[in-house]
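Worksheet: one structure, shown below.
Readers should treat all values here as calculations from the given coordinates under stated rules, not as data from a laboratory. A quick note: this is a predicted structure, and the numbers were derived from the prediction, not measured. Don't worry about glycine lacking a Cβ; one is built from the backbone with ideal geometry, like all the others, and counts go over all protein chains shown.
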Amino acid sequence: MYDADGAPNGFVSVIEDITLRKLGSEALARQSEFLQTILNHLPVMVSVMDHDGNVQYVNREWERVFGLTLKEAQETEVLKTCFPDAADAERVLTALRCGVLQWQDFDPLGKDGRVIPSSWACINLSDGTTLMIGQDMTERRQLQERLMQSQKMEALGQLAGGVAHDFNNLLTIITACASFVLEASPPEDVAVDVREILGASDRAAGLTRQLLAFSRRQMLKTEIVDVNASLGAMEKSLARLIGENIEIVVSPNARHSTTEVDVHQLEQVILNLVVNARDAMADGGTISLETTNCSALADDGTEREYVAISVSDTGTGIEPSIRDRLFDPFFTTKSVGKGTGLGLAIVHGIVEQSGGRVEVESVVGEGSTFRILLPVIASEGSIAPFESDEAQLRGTETILLVEDESVLRSVMRRVLTDHGYAVLEARHGGDAARLSASFDGRIDLLVTDLIMPELGGRELAELVRGQRPNTPVLYVSGYTDDELLRKGVLERGAQLLRKPFVPSELALAVRQLLNEQAVLS
């Protein structure tokens with residue numbers, strides 16, 4: 001206050017207690033910090049934008065997915081950067097202004113140019129901004145694509161398996177009839193043509209094996225195999241496969257190289273690995289195939305000796321980030337149309353089913369090595385292949401023959417009767433079951449197809465063995481999705497003969513099984 005001369009002579013003081021205001025500000029700050037913590041730990045993207053698309057706020061998940069910090073997002077024209085397509089940008093602006101509550105799908109681009117499949121909902125706020133909540137749909141999209149791919153592969157597999165089954169029946173008839181012609185000692189010009197027919201049939205059989213591998217409807221028919229010899233036999237065909245700009249070196253260095261494996265599947269494993277090695281060397285290089293011996297712990301914890309097949313290349317190598325996904329079905333680094341992603345998955349499945357394992361070593365820019373470890377089987381203790389002349393393949397036993405394809409059944413009956421056997425014929429499993437029950441004599445062997453109307457081969461075998469215990473069974477199959485093959489194991493006293501086959505293979509399989517049964521008896 002001032003006097004008449006303008007000099008201060010006092011003052012008036014107004015004091016306000018702001019304790020509650022300070023407490024409120026502190027509480028608001030704590031709430032804001034608490035809310036910020038919650039937003040940053042949410043597994044969804046959260047952003048606040050004005051109606052022109054300018055960023056006010058983003059949480060950590062948004063920053064992680066888009067690869068932009070809040071400062072970068074505020075300094076960037078996000079709509080133009082993340083939505084280069086004008087129509088998509090306009091859709092986002094419409095959603096911002098309307099506050100669309102239902103989820104809408106968008107595919108913005110991240111900082112690195114990666115497409116981000118995502119779904120968003122928008123809520124208009126009272127201050128004129130819009131809250132956007134988004135879900136990263138990348139993994140879900142991948143799962144959906146895998147599911148669709150799996151369903152497609154399953155459908156194609158069923159088709160491929162069915163075609164292979166019928167085709168193998170026809171091939172068996174062709175090869176058998178061609179063999180009959182050769183056995184009749186035709187003129188040389190006719191014999192040459194017949195041999196060409198047999199060669200073409202053999203190549204066609206290889207195609208059906210590929211169909212069955214694709215459809216995963218086949219069984220491992222194991223035998224004692226010399227891995228060194230198998231690699232040597234494949235060397236020329238592999239050299240033709242990989243092209244002239246790639247050198248292939250085969251080094252069979254394993255001292256103990258015998259193992260029990262399906263030889264056709266072993267060839268498929270090596271072929272897949274060699275093709276992958278070739279594709280990793282677009283400018284040429286060297287593929288090395290080497291066998292060695294090593295010791296490793298088996299699944300039961302005991303140490304075993306293995307024969308290792310190493311397939312090495314000097315190619316691009318494998319990124320560490322994808323190393324763990326190499327054996328995932330449908331995972332592939334190849335462009336569309338260049339691979340299905342099934343090759344290494346099939347390799348892994350075959351090797352594991354054979355009691356082995358797969359190891360991978362790779363350095364980016366220097367190449368990769370895939371090692372297949374298979375248990376060593378002592379060749380001295382293995383059963384030697386049954387080798388005999390035509391006379392030793394003959395017999396007088398009674399065989400129950402079951403095959404629903406009439407022409408093929410006629411061919412098989414001719415082979416068996418020509419070798420001295422008495423043959424009981426049945427069109428399918430039901431006929432065979434009734435014949436087995438009514439026949440008074442001894443049935444020494446059941447030869448049956450696996451896929452038949454009314455009663456399948458596996459069920460028929462169980463029924464016949466119930467009537468006639470210990471009856472040996474020779475399954476004949478070109479394809480099946482029967483549980484017997486899915487398990488990949490044959491019961492005791494049973495063997496599998498793959499279609500297509502030549503007459504001598506049928507006679508050999510029958511004689512081997514009857515001889516083994518005689519020893520057991």
>> Given R₀ = 22 Å, what would the calculated FRET efficiency be for V48 paired with T94, taking r from the Cβ atoms and rounding to 0.05?
In response: 0.80
>> How far apart, in nanometres, would the label points at T138 and E72 be if each is projected 7 angstrom from Cα along the Cα-to-Cβ direction?
In response: 1.4 nm
>> Calculate the FRET efficiency for L435 and A378 from the Cβ-Cβ distance with a Förster distance of 45 Å, rounded to the nearest 0.05.
In response: 0.55
> What full-extension length gain, to one decimal in nm, is calculated for V250 and V275 as 0.36 nm per residue of separation minus the Cα-Cα distance?
Replying inline: 7.5 nm
>> Tell me the net charge near N124. Cut-off is 15 Å between Cβ atoms, N124 excluded, with +1 for each Lys or Arg and -1 for each Asp or Glu.
In response: -2
> What number in nm² do you get for segment 1-108 if you take the convex hull of its Cα atoms and divide its surface by four?
Replying inline: 13.0 nm²
>> Cα atoms only: what Rg and Dmax, in Å, come out for segment 237-316?
In response: 14.5, 45
>> Given a Förster distance of 51 Å, report the FRET efficiency between M1 and T81 from their Cβ-Cβ distance, rounded to the nearest 0.05.
In response: 0.20
> Working out 0.36 nm times the residue gap between F34 and E366, then minus their Cα-Cα distance, what length gain in nm do you get to one decimal?
Replying inline: 114.4 nm
>> Let me check I've understood the local charge: for L198, count other residues with C-beta under 14 angstrom from its C-beta, Lys and Arg +1, Asp and Glu -1. What total comes out?
In response: -3
> Taking the Cβ of L79 as the center, what net charge do the other residues with Cβ under 10 Å away carry, scoring Lys and Arg +1 and Asp and Glu -1?
Replying inline: -3
>> How large is log10 of I(q)/I(0) for segment 386-472 at q = 0.19, 0.25 Å⁻¹ when the intensity is taken from the Debye formula with one equal scatterer per alpha-carbon?
In response: -0.83, -1.25
> Given +1 on the Cβ of Lys and Arg, -1 on the Cβ of Asp and Glu, and no further charges, what dipole in debye does segment 390-433 carry about its Cα centre, rounded to the nearest 20?
Replying inline: 80 debye
> T286 to A229: extension gain in nm, 0.36 nm per residue of separation minus the Cα-Cα distance?
Replying inline: 18.4 nm
